[in-house]
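Asker: Dumping the structure here so I can ask a few things about it.
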Amino acid sequence: MFKPEKIKKEMVAAETPKTAVAPVTTAEERQTIEEAKIYRRGVVSLRDIVAPTALEVESSLIRLNDRYVRTIFVTDYPRYISVGWFAPIINFNAALDISLYTYPVRAEIILKQLRNKVGALEAQIIAEHDKGAPRDPIKETALKDIERLRDDLTQGIEKFFQFALYISVYANTKEELDRLTDDIIALLGTKLVYARKVLYQAEQGFTSTVPLGNDELQITFNMNTSPISSAFPFVSSELTSDNGILYGINRHNNSLILFDRFSLMNANTVVFATAGAGKSYAIKLEVLRSLMMGVDIIIIDPEKEYRHLCEAVGGTYLNISLSSDTKVNPFDLPKSTGQDVQTGDIIRSAVITLKGLLRIMLGQFTHEEDSLMDRALLETYAKKDITPDADLSKAEPPVMQDLEEVLKGIEGTKDLVARLQKYTNGTFAGLLNNPTNVTMDNQLMVFSVRDLEDELRPIAIYTIINYIWNIVRSEVKKRILVIDEAWWLMQHEDSAKFIFALVKRCRKYYLGITTITQDVNDFLTSPYGQAVVNNSSMQLLLKQSPAAIDLVQKTFLLTEGEKYLLLEGGVGEGIFFAGPKHAAIKVVASYTEDQLITTDPRQLLEIEAAKKEFAAAEAKAKDLPLAG
C-alpha cells in the first residue's frame, strides 16, 4: 500500500548526510526508494502552476497556448527627452509586459573614456579649423554635452548607467500582434525614440520581460541619471492650475487638485458612485466653493440632502409637491434668448419639449395622436396670443387646463383628454396646472422633489429642468446645474433625450451640468446616458459596487489597478478625470465646510441640538436684567 508519510520519512532519511552508506540489501528497501522517486516526480511546484501548457518559438514571436507574444527593444533616444515620455506606453490599451534594466557604471571608468573622447573631438575641431573647413555644429554640440556630463559626474550630480528597455506585447492573433507592434513602435517614434522587434531572439526577449530579472537580450544604451528617471513608469497626473476650486488631494503625490471646470471644452460633469461613497458630499463641497467664486448654482434635490447647506449660505429652498405653494408651469417660454433667434423657433422648440413631457405623463402616442397633440399645443399658445409675431417678454403662457380645453374642441382626441384630466382635475392637478410663481433671484436655488410620488418625480424633474433651461437662455451667466439621482430621467426615452440635448447645448450659455447617479448600470446602458458621459469633460468616480465595476471599467478604459482602487476605496476616495488627465483623488473638507455639507445623521442631530441649545441660551439672555 502506498503511504506518503512513510515515503517522506524515507526521503528525509535519504537526504541526511551520513558518514557511511549502508548497502541496500532487501527488496522492501529498494521498493521504498523507488516509490520515493515516483512521489518526488509527482510533487507540483509553483513553476508547474504558472508555466504555459505549450510554447512554440518562431523567428520574431512566441506562441503561448492560444496567445502570441512579441518583444520590442529600444535602440536609440533623442538628445533631449521630456519627463513622462513613457506614459503613453504605460497607458496603452493592450496587455504589455515592460522591463527596465539599469546597470551602474563606475564614474572613474566613464570619466576616463569621456576625457579621451573630449581630446579626440577637440583635435578634430582644431584640425578642421586649421584647414579652413566650415565649422561642424554636430561635433561642437557633442563636445559641449560631454563637458557638461563630465562636470555633473565629477560633482556627483549625475550617475552613469547602461539602460535597457524591453516591451512584450500580447495578442490573440498574429494580425492583432502585428498591428499592436506597429502602433507601439509608431507611438515611440513620435517621441523620437526608435525601437525594433526581436528577430531570432524571441525566447530571449520574452524571458527578459517576465518577472525573473534576467536580461538575456543585453541591448543597452548609455545614459546618465536624468534621462533614465524620465522613463520612470509610476507617474501621476498633476491637476493643479492657477484658477478654479479645490476638489481634493492627489493620493499619488499629495498635491492639490485645483481645477476650473469652465476652462475645459465643456463644463459638464458626471459623478458615479455607490450609496454611501460620498458623491453628494463631494458635490456639496464643490457647490460651496463655487459659490465663493461667484458662480450661480441650481440644484435638483431628490432627498433633501442640500437643505442644510442652502439655509447656511442663505439660498432659496423650494419644495415641489402636490400640496406645496411652489408651482412651475411647463408651458413657460424664455423671455429673451440673448441671440438672434426667431420667436417661431422658440415656440416650435417649446412644443417639442412639451410633447416629450406629455409622453411621460400620458404614455406613448400613436402617429395620429402625435399629430393631434402637435396641433393642439400650437393652438394652446395661440389662444394666449403667443404667435411667431408676439413679444415673449410680455406674453402670459397657458397652463395645462388650456391644453385640455383645446383638445376637447378637436375631433379624435377623446382618449387624450381622458388621460390628461388626471393632471388638470384629478389627483395630480396641483403639480402642473398653475402659473409659475418661482423667481430665480438667488445665487443658490434648490428644488426639492422628495415629497413627490415616484410616478411624478420624472415629470417634475423634467418640468423643472425645462424651466431652468428657459431661464438660462434668457440671461447668460456662469451657472452650474446639479441633477442628483439622474437615473430617474434615463428611465424614459423622452427625458433621456432631453437631458442629452441639454448637455450638448449648455456650453453656449455658460452652463455646466453635473449629473449624479448611483445606478450606474441603468445610466450607462441607456444610449443617451453613454452620450451624456461622452459630452462631459469631467468625471468623478468614487467607490463602485462589484456588479457595476466591469461596465465602469469598460466605459472609462480603467486599468486593473484603477478598477481595484474603485472597489476598495474609502468614503470620498476615487478617480478624478479632467479632460485627458486623471488622478486618484481624496475629497477633503475643513471642519467648517464639513459642518455645512455633512449628510451623516449623527452629525446632523448634533448640529440641531447645538442650534436649540444656542437658541435657548439666547432667549434666556434676553430675559436677564442688564448689569449696572
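The values are calculated or read from the model by the stated rules, or taken from the named source; none is laboratory data. Note that the structure is predicted; figures quoted are calculated from it, not measured. Note that each Cβ is placed from the backbone with ideal geometry, even for glycine, and that neighbours are counted across all protein chains shown.
Asker: Among the residues that make up the stretch 82-105, is at least one of them more than 20 Å from TYR166 (Cα to Cα) and exposed (fewer than 11 other Cβ atoms within 10 Å of the Cβ)?
Answerer: no
Asker: What pairs come up if the first residue lies in the stretch 401-414 and is in a loop (DSSP other than H, G, I, E, B), the second is among the basic types (Lys, Arg), and their beta carbons are under 6 Å apart, counting only those six or more places apart or on different chains?
Answerer: none
Asker: Given the criterion outside the structural domain of ALA501 (by TED's automatic domain parsing), within 43 Å of the chain's Cα centre (by Cα) and either β-branched (Val, Ile, Thr) or at pLDDT below 85 (or both), identify the matching residue among ILE410, ILE360.
Answerer: ILE360
Asker: Show the residue pairs that are 6+ apart or on different chains and have beta-carbon atoms under 7 Å apart, the first residue being within the stretch 432-460 and without any contact (Cβ under 8 Å) to a residue 40 or more places away in the chain and in the same structural domain as LEU362 (by TED's automatic domain parsing), the second being basic (Lys, Arg) and loosely packed, with under 13 Cβ neighbours inside 10 Å.
Answerer: none
Asker: Quick test for you: out of VAL482, VAL503, pick the one residue that is in contact (Cβ under 8 Å) with a residue 12 or more places away in the chain and assigned to a helix (DSSP H, G or I).
Answerer: Checking each option against the conditions leaves just VAL503.
Asker: Further, regarding this structure: Residues of the stretch 497-516 being on the phi < 0 side of the Ramachandran plot and hydroxyl-bearing (Ser, Thr, Tyr), which ones?
Answerer: Result: TYR509, THR514, THR515.
Asker: Within the stretch 430-483, which residues are hydroxyl-bearing (Ser, Thr, Tyr) and buried (at least 22 other Cβ atoms within 10 Å of the Cβ)?
Answerer: Once the filter is applied, which keeps residues that are hydroxyl-bearing (Ser, Thr, Tyr) and buried (at least 22 other Cβ atoms within 10 Å of the Cβ), the stretch 430-483 yields SER448, TYR462, THR463.
Asker: Starting from residues that are of a type in the set (Asp, Glu) and more than 30 Å from TYR381 (Cα to Cα), keep the ones in the stretch 302-352 and report whichever is surrounded by the most Cβ atoms within 10 Å (Cβ to Cβ).
Answerer: Ranking the candidates gives GLU305 first.
Asker: So, of the residues in the stretch 290-320 that are in contact with a Lys or Arg (Cβ under 6 Å, 6 or more places away or on another chain) and of a type in the set (Asp, Glu), which turns out to be nearest to GLY276 (Cα to Cα)?
Answerer: Looking at residues that are in contact with a Lys or Arg (Cβ under 6 Å, 6 or more places away or on another chain) and of a type in the set (Asp, Glu), I get GLU303.
Asker: Counting only residues that are in a helix (DSSP H, G or I) and touching a residue at least 24 places away in the same chain (Cβ under 8 Å), which one in the stretch 506-526 is nearest to VAL476 (Cα to Cα)?
Answerer: TYR509
Asker: Kindly indicate the residue of the stretch 212-233 that is in a loop (DSSP other than H, G, I, E, B) and hydrophobic (A, V, I, L, M, F, W, C) and also farthest from PRO104 (Cα to Cα) among those meeting that condition.
Answerer: Applying the filter and picking the extreme gives LEU212.
Asker: OK, next. Restricting to the stretch 579-607, count the residues that are surrounded by fewer than 18 Cβ atoms within 10 Å (Cβ to Cβ) and over 18 Å from SER280 (Cα atoms).
Answerer: 6
Asker: Also: Pick out the one residue from GLU311, GLU303 that is of a type in the set (Asp, Glu), in contact (Cβ under 8 Å) with a residue 60 or more places away in the chain and assigned by TED's automatic domain parsing to the domain that holds THR592.
Answerer: GLU303
Asker: Just one of (1) exposed (fewer than 12 other Cβ atoms within 10 Å of the Cβ); (2) at pLDDT 85 or above; (3) closer than 30 Å to ILE228 by Cα; (4) not aliphatic (A, V, I, L, M) trips up THR71, so point out which.
Answerer: (1)
Asker: For the stretch 519-574, which residues satisfy the criterion of being touching a Lys or Arg at 6+ places or on another chain (Cβ under 7 Å) and within 18 Å of TRP487 (Cβ to Cβ)?
Answerer: TYR528, ASN535, LEU542, ILE549
Asker: Separate question: Could you check the stretch 439-467 and list, in sequence order, the residues that are in a loop (DSSP other than H, G, I, E, B) and touching a strand residue (DSSP E or B) at 6+ places or on another chain (Cβ under 6 Å)?
Answerer: Hits for the stretch 439-467 are ASN442, GLN443.
Asker: In the stretch 139-181, which residues are surrounded by fewer than 16 Cβ atoms within 10 Å (Cβ to Cβ) and at pLDDT 90 or above?
Answerer: ASN172, THR173, LYS174, GLU175, GLU176, ARG179
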